[in-house]
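Taking it in order: structure first as structure tokens, then the write-up.
The values are calculated or read from the model by the stated rules, or taken from the named source; none is laboratory data. Note that this is a predicted model, so its numbers are computed, not measured. Every residue, glycine as well, gets a Cβ built from its backbone with ideal geometry; the counts of neighbours run over all protein chains shown.
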Amino acid sequence: MDPKWWAPFVAGAAGDMTATIFTHPMDVVKIHLQLTGELSKQSKSRPLSKILSSASRGGIYRGISASLLRQSVFATLRHGIYFHLNRTISSNDTTHNAISLKGFGLTLASAALAGVIGAVIANPADVVLIRMQSDPQWPAHAQRRYRHAFHGVYQVATQEGIGRLWRGCTPTVVRAVLVTASQVPSYHMAKSTLTSKGGLDSTSVSTHLLAASISAISASVATNPVDVVKTRIINMQKQGRGPHYSSNVDCIVRTIGTEGMSGLYKGLLATMSRLVPHTLILWVVQEQVLSAAASL
């Protein structure tokens with residue numbers, strides 16, 4: 001076994017957790033945008049200033065403990081598992097080429113599997129994160145008031161049952177597959193193309209930033225619709241309190257029916273304003289950690 005097998009796991013966690021610290025406020029705004037005018041045909045009329053006011057009322061770093069807990073699990077697993085799966089495929093298949101159709105398919109499959117594993121295990125933190133961020137939108141008597149991530153997990157498990165920690169797991173897993181399959185391979189492929197055909201230095205931060213920009217845009221467009229569904233499903237309270245959906249498909253159908261296709265792209269600018277800098281920081285930090293680990 002490679003004595004530094006742990007490096008991709010540590011680098012992945014370091015990159016995503018560092019990025020989260022800087023971009024969490026935009027994640028709070030994104031959640032509020034995705035819940036604004038839920039199942040209302042008049043949803044487009046709400047001024048951005050009111051949305052920002054609602055998001056900031058509970059603090060722009062509301063839910064940061066849950067966000068960091070989520071990344072410590074999800075990012076660690078998705079980056080580490082993807083790295084080792086992809087390397088195993090490459091070493092077992094001497095004809096493997098990520099640019100070829102077969103190679104691209106195997107690369108996507110590796111990323112998708114890594115995303116699934118990470119998302120399922122990290123889902124409890126995701127549930128608590130969305131609830132903490134959206135709490136100010138509820139009336140005072142309906143707010144959950146989790147003090148931190150672990151308190152939230154405990155409250156959900158004891159008051160609603162362990163299974164509720166995996167509410168919204170399906171859209172969460174779908175989103176994880178999309179974000180990992182669009183963000184991770186696109187970065188490595190863009191970096192490889194920029195260095196092999198563009199003549200750029202593979203160790204240069206500017207190369208990392210350029211490849212990360214391509215990665216971020218791909219991930220934003222691919223994941224926003226399922227992110228909206230995930231947010232709305234997880235944010236549901238018991239019958240009689242706000243919109244209620246019977247399934248993910250019901251959420252999609254009713255959202256499109258009342259808000260149009262644009263309803264699935266609510267918060268896209270907020271998603272990009274968070275995911276672009278997040279991805280830039282993620283890859284730059286990850287490259288530095290991997291470089292440091294290689295010199296040990």
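Where helices (runs of 4 or more DSSP H) fall wholly inside region 195-296, the ranges with 2 or more residues that are at pLDDT 90 or above and under 17 Å from A14 (Cα atoms) are 205-235, 268-294. Of the candidates V116, V120, the single residue that is modelled with pLDDT of 85 or more, surrounded by 18 or more Cβ atoms within 10 Å (Cβ to Cβ), β-branched (V, I, T) and closer than 24 Å to D16 by Cα is V116. Taken over region 38-71, the criterion of being of a type outside the set (A, V, I, L, M) and at pLDDT 65 or above is satisfied by E38, S40, G59, Y61, R62, G63, S65, S67, R70, Q71. Outside any helix (DSSP H, G or I) and surrounded by fewer than 20 Cβ atoms within 10 Å (Cβ to Cβ), is that true of R164? So R164 fails the test. Among residues of region 1-29 being not acidic (D, E) and not in a helix (DSSP H, G or I), the one that is surrounded by the fewest Cβ atoms within 10 Å (Cβ to Cβ) is M1.
Condition check ((1) under 21 Å from D27 (Cα atoms); (2) surrounded by 13 or more Cβ atoms within 10 Å (Cβ to Cβ)) across all residues:
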{"residue": "K197", "(1), (2)": "no, no"}
{"residue": "S204", "(1), (2)": "no, yes"}
{"residue": "S215", "(1), (2)": "yes, yes"}
{"residue": "S220", "(1), (2)": "yes, yes"}
{"residue": "T231", "(1), (2)": "yes, yes"}
{"residue": "T258", "(1), (2)": "no, yes"}
{"residue": "Y265", "(1), (2)": "yes, yes"}
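When A7 is tested against (1) modelled with pLDDT of 85 or more; (2) under 24 Å from T172 (Cβ atoms); (3) more than 14 Å from the chain's Cα centre (by Cα), exactly one condition is not met: (2). Scanning region 136-161 for residues that are crowded, with 19+ Cβ neighbours inside 10 Å and modelled with pLDDT under 95 returns Q137, Y146.
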